[in-house]
Amino acid sequence: MKIDTLLAGLDAVSDGAGGLVPPLRLAVTHAAQPGAPASGYARSGAEGETLLETILARLDGAATALAFASGASAALAALALVPPGREVLLEAEGYYEFRGILARATALRGLSLRLVDMTDLEAVAGMLSSGRTGLVWAEFPGNPLWQVPDLPRLSGLAHQAGALLLVDATAATPHHIRPLSLGADVALHSATKFLNGHGDVLAGALALAESAARPALMQHRTDTGTTLAPFGEWLLLRGLRTFVLRMERASATAARLAGWLADRGLQVHYPGLPDHPQHALACAQYTNGFGPVLSFRMGSAARADAVVAAVQVFRRATSLGSTESLIERRAETEGAGTRCPEDLIRLSIGLEAAEDLIGDLQGALDTLPKG
Ligand SMILES: *Cc1c(COP(=O)(O)O)cnc(C)c1O
């Protein structure tokens, strides 16, 4: 069955009373059967969780998937896959929060962490070492410049050194990238973003190429109390029903906006544009277009701030993956220590009419003094 069909019908789940949508079951515990030990406490194995994880695994073509209370908690769980004392190589040009979160978390666990540009395979190869490297942590595409790593080659390098490859695919989603089919061992998603798609749930997921690590990850989830609560599961299942449609629309609009901004002579970062530094790699790995996020450059922080202040349809907010389109001057959001260029505007495209978004940016750009 195609993913579209699976999601539209949620595999014909029933609520037990003939209803065609999954039920919302909030019970934390369940009555013990006579003669049997009490079971069914909500830490894991809830009905909504099982259904959600089945769907998430299908989306990524995974052996198994686990849901978590947030993308960050899914990320921290992935560290449980790294043997003690080993090193994690993290994408240097990726999601800025993870540089801090993973630096603290690896230090607490006695792991080490080094940053490397994952598009520089020579640099990656030079840092990999058998017996030392435990995990290579890539991001597809890297946020907010949307660089595209070569996943099959990264996977080859990581495996040669006895390390795992994890790919944070939050910004591309399984609609546009299937990391496991390109050699990754783990795909990470902040389901808070496009998977849920409505900006009203914090959730995360790990999809695994092999199910052997599932028990360890479930144990970690129990130990850290990072189970996704039933209402979050239910909302995420609801959001997923329209996932494919939403991605088709947002990604088509993003491609149109990228072309429109480039035609105005602005420097645009979008993997679908022929002048993107890894456009050929993007064509080889992306599916169904090039995704719903893009960035562009205004030449100065002041000009970028002026555009962000002038738009009316775009909402000025951080994050990505909701129904409304979001705009931010990314370096301002990231704050001190940012690696992001000061003049970069990041866009997350939602479901508005492309004409309205283009008109909005045109209006904002036209307020600027020429130059
Ligand atoms: C938002 C985000 C995360 C973190 O997910 P949360 O659900 O906010 O914890 C991880 N990776 C990327 C690329 C993100 O955009």
Which of the helices (runs of 4 or more DSSP H) contained wholly in the range 287-371 include at least 1 residues that are basic (Lys, Arg) and at pLDDT 95 or above? 301-310, 330-334
Name the one entry in 192, 224 that is within 14 Å of the ligand (Cβ to nearest atom), surrounded by 24 or more Cβ atoms within 10 Å (Cβ to Cβ) and among the polar types (S, T, N, Q). 192
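Among the listed residues 46, 57, which satisfies the condition of being modelled with pLDDT under 90 and more than 16 Å from the ligand (Cβ to nearest atom)?
On the way: 57 fails: modelled with pLDDT under 90.
On inspection, the qualifying residue turns out to be 46.
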Those residues that are open to solvent by 40 Å² or more (accessible area, probe 1.4 Å), among the aliphatic types (A, V, I, L, M) and in contact with an Asp or Glu (Cβ under 6 Å, 6 or more places away or on another chain), I need them from the range 298-333; list them, please. 313
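So, of the residues in the range 251-285 that are among the charged types (D, E, K, R) and in a helix (DSSP H, G or I), which turns out to be least open to solvent (accessible area, probe 1.4 Å)?
From the range 251-285, those among the charged types (D, E, K, R) are 256, 263-264, 275; that's our starting set.
With in a helix (DSSP H, G or I) added as a condition, the list becomes 256, 263.
Details: 256: 120, 263: 135 Å².
Across the range 251-285, the extreme among qualifying residues is 256.
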Enumerate the pairs (first residue in the range 190-206 and of a type in the set (Phe, Trp, Tyr); second residue anywhere and within 9 Å of the ligand (Cβ to nearest atom)) with beta-carbon separation below 6 Å, excluding pairs fewer than 6 apart on the same chain, so at least 6 apart or on different chains. 194/321
Using the structure shown, decide if residue 29 is part of a helix (DSSP H, G or I), open to solvent by 70 Å² or more (accessible area, probe 1.4 Å) and not acidic (Asp, Glu). no
So, in the range 72-89, exactly how many residues are more than 17 Å from residue 185 (Cα to Cα) and part of a helix (DSSP H, G or I)? 2
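Could you tell me whether residue 230 is without any contact (Cβ under 8 Å) to a residue 24 or more places away in the chain and open to solvent by 10 Å² or more (accessible area, probe 1.4 Å)?
Numbers: without any contact (Cβ under 8 Å) to a residue 24 or more places away in the chain: no; open to solvent by 10 Å² or more (accessible area, probe 1.4 Å): yes.
No.
When the residues of the range 164-189 are filtered to those that are of a type in the set (Ser, Thr, Tyr) and more than 10 Å from the ligand (Cβ to nearest atom), which remaining residue is least open to solvent (accessible area, probe 1.4 Å)? Break it down stepwise before answering.
First, the residues of the range 164-189 that are of a type in the set (Ser, Thr, Tyr): 170, 173, 181.
Narrowing the set further to residues that are more than 10 Å from the ligand (Cβ to nearest atom) leaves 173, 181.
Details: 173: 2, 181: 90 Å².
Looking at the filtered set, the residue picked out is 173.
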Among 111, 115, the single one that is at pLDDT 95 or above, more than 14 Å from the ligand (Cβ to nearest atom) and within 21 Å of the chain's Cα centre (by Cα) is 115
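Please verify whether residue 103 is surrounded by fewer than 16 Cβ atoms within 10 Å (Cβ to Cβ), more than 16 Å from the ligand (Cβ to nearest atom), assigned to a helix (DSSP H, G or I) and of a type outside the set (Phe, Trp, Tyr), treating the condition exactly as stated.
Values: surrounded by fewer than 16 Cβ atoms within 10 Å (Cβ to Cβ): yes; more than 16 Å from the ligand (Cβ to nearest atom): no; assigned to a helix (DSSP H, G or I): yes; of a type outside the set (Phe, Trp, Tyr): yes.
Considered against the rule, which asks whether it is surrounded by fewer than 16 Cβ atoms within 10 Å (Cβ to Cβ), more than 16 Å from the ligand (Cβ to nearest atom), assigned to a helix (DSSP H, G or I) and of a type outside the set (Phe, Trp, Tyr), residue 103 comes out as no.
The values are calculated or read from the model by the stated rules, or taken from the named source; none is laboratory data. Values in this document were obtained by computation on a predicted structure and should not be read as measured data. Glycine gets a Cβ as well: all are built from the backbone with ideal geometry, and neighbour counts include every protein chain shown. Surface areas here come from the heavy atoms of the whole protein model, side chains and all, with no ligands, DNA or RNA. Shrake-Rupley method; radii C 1.70, N 1.55, O 1.52, S 1.80 Å.
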